[in-house]
Structures are given as C-alpha cells and as structure tokens.
Amino acid sequence: MSKVLVLGATGGIGGEMARQLHAAGWQVCALTRDVDKARGQNAAFTWLEGDALKRKDVLAAARGCAVIVHAVNPPGYRRWAELVLPMIDNTIAAAIAEGATIVLPGTVYNFGPDAFPLLHEDSPQHPKTRKGAIRVQLEQRLYAASGNGARVLIVRAGDFFGAQTANSWFSQGLVNAGKPVHSVNYPGARGVAHQWAYLPDVARTMVELLERRDTLEAFARFHMAGHTDADGTQMSRAIQRVVLRRTGQQPVVRTFPWWLLKMVSPFVATFREMLEMRYLWQTPVLLDNTRLVQVLGAEPCTPLDEAVETALTGMGCLPRAL
C-alpha cells in the first residue's frame, strides 16, 4: 500500500484528495494542529499533530511517503507573502528527503493578461498581482526541486466550487454558505467566459494522474477545462434551476457589488484581496486541457446541475434531499 501525506486535509481540496486517495487504496497521513477535532471528522486517516509552517513537523510526517499533497493555503487570501513560500519550502525539503512526488492544486493567478484568453501549460507567466507573483515563485521553486530528487505534479483549474469550499468565489460571492439562496451575485459581466472546477472532479483528476506518475516527466503540469461558463450566465442559471427544483423558489440574479467591496476594503483584508483579483472577471480566462485528455483519455466531469446541487446542499444552502 502506497503512503501519502496530505497537507491541508481539513480544507476543501485537501480533504477531497484525502478521501479519494483513501478510497483508491492509499494509506493517508494528514498533518493537523488539532488531532482530536480532525479525527472526529474522519477516523480513516492517520492524523499527525504538527504545523505545515514547521519544517521538522513536515519532515517527520512525510517519512516513508511516496506522495505529498500540498493543499494548504492561508485562509481568506490573507498573509500570502508571509506564509505561502515558507510552507512550500518545507514540503520541498520533505519531498527531496523521501524522493516523493509533490502534488499541487494550481491556479490561474500566475498568469497575466498577455497570456489570455487561452492558457496552455507553458504560457508565459507575467502576473499583475502580488498573489500571482508569489505563485510564480512557488512554481519556480518546485521546478528547481524536480531537478534535485523530488517529482512535481501541478494541476491548474478554474474557480473551485464544492460542498467544502469555504474560501471560494462560489461560497463567498455568488451565494452565502449556510444561508438559503434568495439571490445570486455574479462577479463577472455578461458575455465574458469564466471557468469553474468542481472539487471532486479536480481530486479525481489528480488521483488518476498519480496512478500514472511514473510515466510523467519530473515536472509535470496539466490544465483542466472544468465547467466553462461561455457567456457569464450559465453558472447563475444552474443555481437558479437547482434552487427552484428543491425549494419551489427561483433566486434572482444580481450584479456583484464591487462598489461595496471597494468601499469597505480598507478595513477588511479579505475584501482587499478579492478586489485585487477582479481582473479575472473582466476578461475571458480559459484553460486548454488538450494535454490532460491525451494522458487520461477524458477529463473527469460531473454534470453541472448535479455538481451545483451537491455543493449547495453540502454548504447548507438547501434542505437535505429525502
């Protein structure tokens, strides 16, 4: 049985990766600061007490692991400059020590407008935000690690959504987690394409790629197409359909209040960070999955309405189905 360390297993993509890897027969170890709480959420994993910011904890937790899933991020987009690079450096040190493969859920932050609208794995990375610059540095460090005994698998996708995505545009922008859906606040403009990635599909893609990791290059990157909202209305309409079917009430679609975000951003760090990413809603940003399909044969893709319904139910926005 292969052994994997998941960093961020109490979060959205990390938790989904841990569950799917366990179902696929992996021995899952997970690092957490609160073992008792985490064990209550899922007793199937081996929970290890520690902190991803402490190298000795990561080195100890990774002992004997063939794979390290790096799915840990500062909450609410905050303190990236302080925390993101030290955490990846600790993961890299552990992967080199064990000869392990690092799996990273990637984003489009590291690309700038010169690469839009269609992004390939090797598109130029000239970001226009602080977080994008940090993501560029992060991937540069992973590339260096791939020449120093570690292997790297990066899967980039659009905006995440799912039952456990507390820190996402879907759960903090379009709807409010834990509350009934009376309206959908869409951040983009009509006619502007946008891509969404359903968490279980992202995790399944990474698990399937891990099964083929010995055939991949040492520094492997793949793009997921996910669900493409071609005109900026399809995700909102899917939410409307699902809510109407489950509650009998159809939510209205409104324009996201960017003006309000701008007004309060001097006082709320998360809002400042969200405002910085507005450019990703003002122009089409699409990921080309040709290479992924060549390797897997097909990209895992849950039907949109099914994915939206599962996400809204898990977020507490819909009554539980009988």
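Observations, loosely collected:
- Segment 233-270, subset aromatic (Phe, Trp, Tyr) and in contact (Cβ under 8 Å) with a residue 40 or more places away in the chain, residue nearest to Leu304 (Cα to Cα): Phe256
Yes/no matrix, rows are residues, columns are (1) under 25 Å from Ile134 (Cα atoms); (2) modelled with pLDDT of 95 or more; (3) under 21 Å from the mean Cα position of the chain (by Cα):
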| site | (1), (2), (3) |
| --- | --- |
| Val28 | no, yes, yes |
| Asn42 | no, no, yes |
| Glu49 | no, no, no |
| Leu53 | yes, no, yes |
| Val72 | yes, no, yes |
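- Among the residues making up segment 122-175, those that are under 30 Å from Pro257 (Cβ atoms), β-branched (Val, Ile, Thr) and either out of contact with any helix residue (DSSP H, G or I) (no Cβ under 9 Å at 6 or more places or on another chain) or part of a loop (DSSP other than H, G, I, E, B) (or both) are Thr129, Thr165, Val175.
- No other residue among Ala100, Ala61 is in contact with a strand residue (DSSP E or B) (Cβ under 6 Å, 6 or more places away or on another chain), farther than 14 Å from Leu142 by Cα and modelled with pLDDT of 95 or more apart from Ala61.
- Asn148 meets each of the listed conditions (1) surrounded by fewer than 23 Cβ atoms within 10 Å (Cβ to Cβ); (2) modelled with pLDDT of 95 or more; (3) within 16 Å of the chain's Cα centre (by Cα); (4) more than 26 Å from Ala230 (Cα to Cα) apart from (3).
- Against the conditions (1) in a helix (DSSP H, G or I); (2) in contact (Cβ under 8 Å) with a residue 12 or more places away in the chain, Pro284 satisfies every one except (1).
- If you filter segment 103-115 down to residues that are within 20 Å of the chain's Cα centre (by Cα) and not hydroxyl-bearing (Ser, Thr, Tyr), you find that the one that is nearest to Gln140 (Cα to Cα) is Asn110.
- Cross-chain or 6+ apart pairs with Cβ under 8 Å, segment 298-319 first and in contact (Cβ under 8 Å) with a residue 40 or more places away in the chain and farther than 21 Å from Gly178 by Cα, then assigned to a helix (DSSP H, G or I) and among the charged types (D, E, K, R): Glu299/Asp201; Pro300/Asp201; Pro300/Arg204; Pro300/Glu208; Cys301/Asp201; Thr302/Asp201
- Per-region count, segment 39-62, residues farther than 22 Å from Ile88 by Cα and crowded, with 19+ Cβ neighbours inside 10 Å: 1
The values are calculated or read from the model by the stated rules, or taken from the named source; none is laboratory data. Here the structure is a predicted model, which is why all the values come from computation and not from measurement. No Cβ is skipped: glycine too gets one built from the backbone with ideal geometry, and neighbour counts run over all protein chains shown.
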